[in-house]
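Values in this text are rule-based calculations from the coordinates and carry no lab data. Computed from a predicted structure; not experimentally measured. Because the Cβ atoms are built from the backbone with ideal geometry, glycine has one as well, and the counts that use them run over all protein chains shown.
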Amino acid sequence: MEGMRLSLCELKNLARELRLDVLEMTTRAKSGHPSSCFSAVEILTVLYFGGILRYHPDDPWWEERDRFILSKGHAAPLLYAVLARAGFFPRERLWTLRSLGSPLQGHPVARILPGVEATTGSLGQGLSVGLGHALAARLRNVSYRVYVLLGDGECQEGQVWEAAMAASHFRVSNLTAIVDYNKFQETGPVAREMNLEPFRAKWEAFGFYVQEVDGHNIEALLEAFAALQKVVDRPSVLIAHTVKGKGVSFVEADYTFHGRALTEEEAKKAREEILCL
Amino acid sequence: MPVGEKAGLPRGKPLRDAFGEALLRICEQYPQVVVLDGDLGNSTKAETVRKAFPERFLNLGIAESNLVGVAVGLAFCGFIPFVVSFSSFLLCNAYDQIRLGVAMSRANVKLVGSHGGITLGKDGPTQMGIEDLALVGGLPTCTILIPCDAYSMYKALEQAVTHEGPFFIRSSRYAMPRVYEEGSSWEIGKANILREGKDLTIIACGLMVACALDAWAELQKEGIEARVVDLHTLRPLDRAMIVKAARETGAIVVAEEHLLHGGVGSNVARVVAESYPCPMRFVGLEDTYTDSADADELLEAYHLTSSDIVAKCKEVLEAKNVARKGNTISSSIPRS
């Protein structure tokens, strides 16, 4: 089959499992950005397992696959956990994250691992690459869709708006940007460090169809993605309002978790909280 | 006197015109080639494709970062994108996008940096690509080609299409004289000996190849036999050709239309230092930006003429002779 479509209950369970995977990966690696992964768990769960993306894990570069590009490359552990659960590679490989010789690099490197579409980690680049894929569909006359997940702080990069302008200019309706709007960047609240608001108006001004959603509500995400697939005359963006560190109370409460893994002890507590979700 | 005249080279067309024609031929031959313009197609001559194949020509506007990112996406979908802009704008504005998207991803993207060097002339130093080879040379995986005439430009494009992976090809506004006959051998990573000589070797690239041939003619009149090598590929570097020059001629002058730091000369010097150290001299831009002026005036003012190459050749020959004498003296001292 193309992709995977699980029930609502299964999706919720899987989201919990993915959080646990990310926690274990980053704790074992003693580094990484777990809180940036946690805010995007439901978004990726719905895309990969809610019947939105069409893909074949055993033919990862199938020409007509839908593309997912993780522009906020620091959420790589989540992408790897999702790809493993989707069957792109064995789950045991997750524990090699960030170790010598492993293709599970700290930030994604294109094509060294099945399902990893782009090299990202220097922020701002994914939407342009996604636009390239979207334009290729038009040139080849095939009909896949391209989804690009951006961080909120990442939208401070000028290249994001270069790409947005061009996507709108070329009227690529098969391109959807998703912003994981968790309201925090590396050094503090986005609104304090470099405000993005009025954010919706910016995307609208650039010619995008804009939809906002609670980025942790699986049903709402399913509905939103279904609605965006019906937009035929312009690119679209889903502004997903999320919580950084979602699922672990003491991580949610402290943005300084951005660039670090949890200690063994913190991870134990986090695990208990995630299991109660 | 125009470059190439002393060597009797036929006049050529501006390299960018040759590029435009070659790119069009490549598009006719290879349907998977697409051309991405940074709104300079009329200046780089990539616009030849816009007229012939409008659907395969995309102007991404004045936004180089996005330009390169889009090319990366297209490359991963099986297209062979040629990204064309001024070398300075392309490399300086989109360096990180080239680093991650092209070089690190080993994407099949062909970057063409036009207006390399100082000979774009009157538009001045803001537009000149005098650091381009150092910048692109700093990126692992990227093949770097520096054609010196219309024929080698076509060969460079053709080989960029038939070889998978990232490429940078340097183009220019200058009317470079014809160096190669149709059908000459021109292969990636294989430098060409254009003139044989035993006294020293001039290694050159781009416009400096014709200048080196002029220098060869001047030196010949004085009884100095210079070997002239066109080192058209900066990566992969033809180490064997460089070692051979060092071993067989014992003195090397490298000439390039680029800053001396990080360009062809410093790469050649590393090979010489590691293999067969010999006296070397370098013709290129010292640590400076240049002025706006006529191209030929600039070449003269910044010491990039055949006379400058000749002067360096004489210097290096003297150094070679001193070194040889030194060796003779030291070897004649009895060991205690």
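Couple of notes before you dig in:
- Estimated inter-spin distance, A:N195 and A:D59, nm [label 7 Å along Cα→Cβ]: 5.1 nm
- For the stretch A:121-272, size of Cβ-based charge dipole, Lys and Arg +1, Asp and Glu -1, in debye: 600 debye
- Highest-MSF residue in chain A out of A:E212, A:E92, A:E117 [GNM, Cα springs under 10 Å]: A:E92
- Straight-distance candidates among the lysines for linking to A:K246, with alpha-carbon spacing under 28 Å and chain neighbours fewer than 8 residues away dropped: A:K12, A:K30, A:K72, A:K183, A:K202, A:K268, A:K269.
- The A:A205 and B:R50 beta-carbon pair, evaluated with R₀ = 35 Å, returns a calculated FRET efficiency of approximately 0.75.
- Remark: the protein assembly as shown carries a charge dipole of roughly 1180 debye about the Cα centre, counting +1 on each Lys and Arg Cβ and -1 on each Asp and Glu Cβ.
- Centroid-to-centroid separation of the stretch A:51-130 and the stretch B:134-195 [C-alpha atoms, Å]: 35 Å
- Remark on B:F86: its backbone amide H falls under 5 Å from those of B:S114, a criterion applied only to residues 5 or more positions apart or on other chains, H modelled at 1.01 Å from N.
- Neighbouring partner chain Cβ atoms per residue of B:98-109, average, 10 Å criterion: 5
- Spatial offset of the stretch A:246-275 relative to the stretch B:293-312 amounts to 65 Å, using the alpha carbon center of each.
- Counts of other chain beta carbons within 10 angstrom of each beta carbon in peptide A:160-172 average 3.
- Annotation: amide H of A:Q185 within the under-5 Å range of A:V190, sequence separation 5 or more or interchain, hydrogens built in the peptide plane.
- Where both bridge residues fall in the stretch B:15-170, DSSP classifies roughly 5% of the beta bridges as antiparallel.
- Folded to 0 to 90 degrees: helix A:264-275 orientation relative to chain A principal axis, Cα: 60 degrees
- Those lysines that a straight Cα-Cα span of less than 26 Å connects to B:K51, excepting residues fewer than 8 apart in one chain: B:K13, B:K110, B:K155
- Since only A:G73, A:T256, A:V41 are under comparison, the one whose Cα sits farthest along the positive direction of the charge dipole of the stretch A:8-275, derived from C-beta charges on Lys, Arg, Asp and Glu, is A:G73.
- Amide N proximity, the stretch B:246-264 versus B:D296 label position 7 Å along Cα-to-Cβ, cut-off under 20 Å: B:257
- Think of each Lys and Arg Cβ as +1 and each Asp and Glu Cβ as -1; about the Cα centre, that makes the dipole of chain B roughly 1000 debye.
- Annotation: aspartates and glutamates with alpha-carbon distance below 19 angstrom to B:K221 (same-chain offsets under eight excluded): B:E5, B:E196, B:D199, B:D308, B:E315, B:E318.
- Charge-dipole axis of chain B as Lys and Arg at +1 and Asp and Glu at -1 on Cβ define it, positive-most pick from B:L23, B:A103, B:A63: B:A103
- In terms of the mean number of neighbouring beta-carbon atoms within 10 Å, the peptides B:213-225, B:240-252, B:87-99 order highest first as B:87-99, B:240-252, B:213-225.
- Listed residues A:N195, A:N141, A:N13, most fluctuating in chain A (Gaussian network, C-alpha, under 10 Å): A:N141
- Residues whose amide H lies under 5 Å from that of A:I239, counting only those 5 or more places away or on a different chain, are A:V179, A:Q211, A:E212, A:V213; hydrogens are built 1.01 Å from N in the peptide plane.
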